[in-house]
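Structure, as structure tokens:
The values are calculated or read from the model by the stated rules, or taken from the named source; none is laboratory data. Since the model is a prediction, treat every value here as computed from it, not as a measurement. Reconstructed Cβ throughout: ideal geometry from the backbone, glycine too, with neighbour counts over all protein chains shown. What goes into the accessible areas is simple: the full protein's heavy atoms, side chains included, and nothing from ligands, DNA or RNA. Shrake-Rupley method; radii C 1.70, N 1.55, O 1.52, S 1.80 Å.
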Amino acid sequence: MGSKPRRYRDIFGDMLAFFGGTLFPLSLSPIGLWPLAIASPIALYAACQEGSVRRVVLRFYLYNLGLFGVGVSWIFVSINEFGNASVFLSISLVALFVFAYSLVCLPQAYLYSRYFRTTQIYRAVAFSALWVLQEWFRSWFLTGFPWLFVGYGVMETPFENIAPIAGVFGVSLVAVIFGVSLYLAITQGSWRLMVPGLALFFASVSISYVSFTQHERTVSVSLIQGNIDQHKKWLPENRELIYDLYKGSSETEWGRDLVIWPEASITLLREQASGVLAELDRRASIAGSALLLGIPDRDSSGGFQNTLIALGEGEGQYIKRRLVPFGEYVPLEEFLRGLIDFFDLPMSRNIPGPNEQLPVLAGGNRLSLSICYEVVYPNLVRLSSKSSDLLVTVSNDTWFGSSIGPWQHFQMARMRALENGRTMIRATNNGVTALVNYRGEVTEQLPQFQFGILRAEAEVRSGATPFNQFGTWPVLVLCLIFLGIAVQRSDQ
């Protein structure tokens, strides 16, 4: 008789972990139910209070299945709509990715279940530290997939004020500690256990009154959102029409300090576009404007490169360094090329640019540039933003249709502005085109899926945030100290 209640508890714990994972993506943009960013880790922590090592590891894995199954569901749109794969095949490929990528939790799960089954308070400390170390691991493992971090889920709350000091990982750490402290206070019937969480909360509130960077001046900017249909974008017969659209739209914007066209706005190769680029350079120079635009290029060996170039009162170029797997390059391409259209999408044979590149200038302003996917890498943006005046990112999220993907992407761009204390300018093909201030707040924004021109004044700020100076290492070291304390206490 005793085995049946035990079996029911096991099933309940498994379900709690899985559905806890499915809740977290609902905390992110565009839904924004931020309390779920707190509740989701609590669900996993509660599910892992008992059970064998194997059972606890299973529950970590189930949590990740729920997390990624909902959180990256937008990949389906690219495969099905633009890769011309059937619904069944698209679902199968997304499921394969989710089942495989969810395995990244295994080191975290094993360490927690094997070495930190100690008193509640130290178990909570270890759980929070391992959580953040797992997020950091995902940010670089296999070139990185830095998506679905707790720190993004608690934007719009006082916890986000930790970002200029400790980055998104610091925000995640504070939010998870707050959550598990709340859980312990309720389940143990002792509100003293809530003291660490409350202390961090009130610290987060107080930091909101601190500004690490200072106003210098403003720059007038115009962002052109072309709203080009992705099915038509790369057709040769549409090259001239697309160019004419952007060129014509810019006629009313010459004279602004900075005019920006989105990623791959010109669909000619740079070597084929010398005439139109010379014309744009002349027109922008006459007006006293800097024009920044995206264009595909080739390197000396003939490899494609995703490039931004500055014309007129701007100078320099930037070549994308972090490429999107399957979108800009195909891993194991000798096996996958030709299997379905998705593995042979236009511009899926790119090669990355060098890690060290000369800065791009626009009207004397030094720009920190990131193309599309690159803006989700905290350290990549941090390093490029040192001594920069403005953060600029261009993208083409048309690949993900009306899914949640573009909004998650935009939310991460907002976090980069907050971390580095700089204005973020974001120009896209069909949204989300916006201006974000140094606090990560959206000040101007165009509607999705419409042609539009965003005219705004971008604030240039000086100074550096602690995160910009020191990066993620202080948070990682703190997590290791937490683990050391928990291990020591577990041995006593």
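Which members of segment 184-206 meet the condition of being modelled with pLDDT under 85 and farther than 30 Å from R439 by Cα? Matches in segment 184-206: G189, S190, W191, R192, L193.
Taking the condition under 19 Å from E253 (Cβ atoms) and surrounded by 23 or more Cβ atoms within 10 Å (Cβ to Cβ), does A427 pass? Taking the combined requirement at face value, the residue satisfies it.
Per the listing P25, P41, the residue uniquely open to solvent by less than 10 Å² (accessible area, probe 1.4 Å) and touching a Leu at 6+ places or on another chain (Cβ under 8 Å) is P25. Taking the condition in a loop (DSSP other than H, G, I, E, B), among the hydrophobic types (A, V, I, L, M, F, W, C) and more than 16 Å from Y183 (Cβ to Cβ), does A95 pass? It is false that A95 is in a loop (DSSP other than H, G, I, E, B), among the hydrophobic types (A, V, I, L, M, F, W, C) and more than 16 Å from Y183 (Cβ to Cβ). With the structure loaded, tell me whether S220 is in a strand (DSSP E or B) and within 30 Å of F467 (Cα to Cα) or whether it fails that test. Yes.
Taking the conditions exactly as written (modelled with pLDDT of 95 or more and touching a Leu at 6+ places or on another chain (Cβ under 9 Å)), does S285 satisfy them or not? Yes, satisfied.
Would you pick out the residues in segment 277-287 that are open to solvent by 40 Å² or more (accessible area, probe 1.4 Å) and over 15 Å from Y243 (Cα atoms)?
Listed by number, the residues that qualify are R282, S285, I286.
Of everything in segment 260-309, what is in contact with a helix residue (DSSP H, G or I) (Cβ under 7 Å, 6 or more places away or on another chain) and part of a loop (DSSP other than H, G, I, E, B)? Give them in sequence order. Within segment 260-309, W261, E263, S265, I266, T267, L268 meet the criteria. Meeting the requirement of 1 or more residues that are touching a residue at least 24 places away in the same chain (Cβ under 8 Å) and surrounded by fewer than 24 Cβ atoms within 10 Å (Cβ to Cβ), the helices (runs of 4 or more DSSP H) wholly within segment 102-214 are 106-115, 120-138, 163-188, 195-207.
Of these, L245, L241, L268, L235, which one is open to solvent by 10 Å² or more (accessible area, probe 1.4 Å), under 16 Å from L308 (Cβ atoms), over 26 Å from the mean Cα position of the chain (by Cα) and not aromatic (F, W, Y)? Before you say what the answer is, go through the steps one by one.
On the way: L245 fails: under 16 Å from L308 (Cβ atoms); L241 fails: under 16 Å from L308 (Cβ atoms); L235 fails: under 16 Å from L308 (Cβ atoms).
The conditions single out L268.
Scanning segment 461-485 for residues that are surrounded by fewer than 19 Cβ atoms within 10 Å (Cβ to Cβ) and touching a strand residue (DSSP E or B) at 6+ places or on another chain (Cβ under 7 Å) turns up S462, G463.
Quick one: how many residues across segment 215-232 are closer than 22 Å to L390 by Cβ and open to solvent by 20 Å² or more (accessible area, probe 1.4 Å)? Break it down stepwise before answering.
In the first step, residues of segment 215-232 are kept if they are closer than 22 Å to L390 by Cβ; the result is 215-226.
Then keep just the ones that are open to solvent by 20 Å² or more (accessible area, probe 1.4 Å); that gives 215-218.
The qualifying residues number 4.
From the residues in segment 381-423 that are in contact (Cβ under 8 Å) with a residue 40 or more places away in the chain and of a type in the set (G, A, S), which one is most open to solvent (accessible area, probe 1.4 Å)? So the residue we want is S402.
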